[in-house]
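The values are calculated or read from the model by the stated rules, or taken from the named source; none is laboratory data. Quantities reported herein were computed from a predicted structural model and do not represent experimental measurements. Counting neighbours? That spans all protein chains shown, and the Cβs are built from the backbone with ideal geometry, glycine included. The protein model used for the area step is the full one, side chains on, heavy atoms only, and it has no ligands, DNA or RNA in it. Shrake-Rupley method; radii C 1.70, N 1.55, O 1.52, S 1.80 Å.
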Amino acid sequence: MAKTVDHLSDEQIALVRESSLLVGRTLAEVARHLRPGATTEELDKVAEEHIRDHGGEPAFKGYNGFPASLCTSVNDQVVHGIPNDVPLPDGCIVSVDCGVRMNGFYGDSAYTFAVGEVDERVQRLMQVTYECLLLGIEHAVDGERTGDIGFAIQRHAESHRYGVVRELVGHGVGRELHVAPEVPNYGRRGHGVKLKEGMVIAIEPMINMGGRDVRQLEDGWTIITHDASPSAHFEHTVAVRTGKAEVLSTFGHIEDVLRERNMWHVGSNAEVAPR
Ligand code: MG
Ligand code: MG
């Protein structure tokens, strides 16, 4: 990540929001097609068509040679899973990460779905990871630092004895998909890069039910937990503002679909620990 994120104007941030909203609507299309027996390749096709039909380009396809529009990471896969023709088993979880480029600006967001009946302990992991994202976003405020975001995420995850992945981090986003600063999901209060009004960052906790260690599969992409424990991932694209962060991506469309289809999802029973 050589380049550093621009401080975007309100007009430019509006374009990042448009790209990010298309990501949210694309993930909602994925939600509509998600069921035990579906393949991640099918979901990838749905996503790519939806993105192109709405004037965007899939940001991940061809990025450093990545072959698909979605990253689909099942169970102990943390991130960067490559869509394939293996049917999703009942009871698995799948983290779906999606990026869109439109009008010269990128949006990036990820959501972890429960496929069929998912173990309560795994539901808890998903819920806490989602809460970690919300807690991190509270610190995407002018004058705070990347370490304040990381600290909030790490504290909540570790209070549940979950492992916080260190090797992969959030990032600046805007005219490029990945730029500095790195936004780690761990850190120390008051440390790291100072956040300024108009910076746009992707905050994306990756939380393991077991230890924090991960490794990469021989496909050169897929990251899995070292101890084979399940891992969850939620991501929003967020504008740093004065006083309160502005979330540019949305899970609203996804949640509408999941509610309509009676599928379990995070958020409905949120209990974020006191700060
Ligand atoms: Mg992403
Ligand atoms: Mg990202």
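A few notes on this one:
- Criterion (free of Cβ contacts under 8 Å to residues at least 60 places away in the same chain and aliphatic (A, V, I, L, M)) met by exactly one of V169, V200, V179: V169
- Within region 157-175, being under 17 Å from the mean Cα position of the chain (by Cα) and either modelled with pLDDT under 95 or crowded, with 16+ Cβ neighbours inside 10 Å (or both) holds for A157, G163, V164, V165, L168, V169, G170, H171, G172, V173, G174.
- Scanning region 102-138 for residues being closer than 17 Å to R241 by Cα and part of a loop (DSSP other than H, G, I, E, B) gives a total of 1.
- With respect to the conditions (1) assigned to a helix (DSSP H, G or I); (2) touching a helix residue (DSSP H, G or I) at 6+ places or on another chain (Cβ under 6 Å); (3) small (G, A, S), A68 falls short on a single one, namely (1).
- Test result for A31, more than 24 Å from G252 (Cα to Cα) and crowded, with 17+ Cβ neighbours inside 10 Å: no
Here is a yes/no grid of residues against (1) modelled with pLDDT under 95; (2) over 21 Å from V238 (Cβ atoms); (3) outside any loop (DSSP other than H, G, I, E, B):
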| site | (1), (2), (3) |
| --- | --- |
| A14 | no, no, yes |
| R17 | no, no, yes |
| L21 | no, no, yes |
| R25 | no, no, yes |
| V46 | no, yes, yes |
| N64 | no, yes, yes |
| D85 | no, yes, no |
| V100 | no, no, yes |
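- Failed item, numbered, when R215 is tested on (1) closer than 17 Å to H80 by Cβ; (2) within 17 Å of the chain's Cα centre (by Cα): (2)
- R52 away from ligand 1 (no atom under 16 Å from the Cβ) and either part of a strand (DSSP E or B) or without any contact (Cβ under 8 Å) to a residue 24 or more places away in the chain (or both): yes
- Taking the criterion of being within 16 Å of ligand 1 (Cβ to nearest atom), within 14 Å of F234 (Cα to Cα) and not in a helix (DSSP H, G or I), the residues of region 139-170 that qualify are V165, L168, V169, G170.
- Matching residues, region 226-254, being more than 19 Å from G170 (Cβ to Cβ) and outside any loop (DSSP other than H, G, I, E, B): G252, H253, I254
- Against the conditions (1) more than 13 Å from T4 (Cβ to Cβ); (2) open to solvent by less than 40 Å² (accessible area, probe 1.4 Å); (3) in a strand (DSSP E or B), R215 satisfies every one except (2).
- Within region 78-123, being closer than 21 Å to G211 by Cα, within 16 Å of ligand 2 (Cβ to nearest atom) and either open to solvent by 10 Å² or more (accessible area, probe 1.4 Å) or without any contact (Cβ under 8 Å) to a residue 24 or more places away in the chain (or both) holds for one residue alone: H80.
- Once region 196-212 is narrowed to residues that are in contact with a Phe, Trp or Tyr (Cβ under 7 Å, 6 or more places away or on another chain) and assigned to a strand (DSSP E or B), the residue that is nearest to A110 (Cα to Cα) is I207.
- All positions within region 61-74 that are touching a Ser or Thr at 6+ places or on another chain (Cβ under 9 Å) and surrounded by fewer than 24 Cβ atoms within 10 Å (Cβ to Cβ): K61, A68, V74
- Single residue of region 87-98 satisfying the filter (under 23 Å from T237 (Cβ atoms) and in contact with an Asp or Glu (Cβ under 8 Å, 6 or more places away or on another chain)) that is nearest to ligand 1 (Cβ to nearest atom): D97
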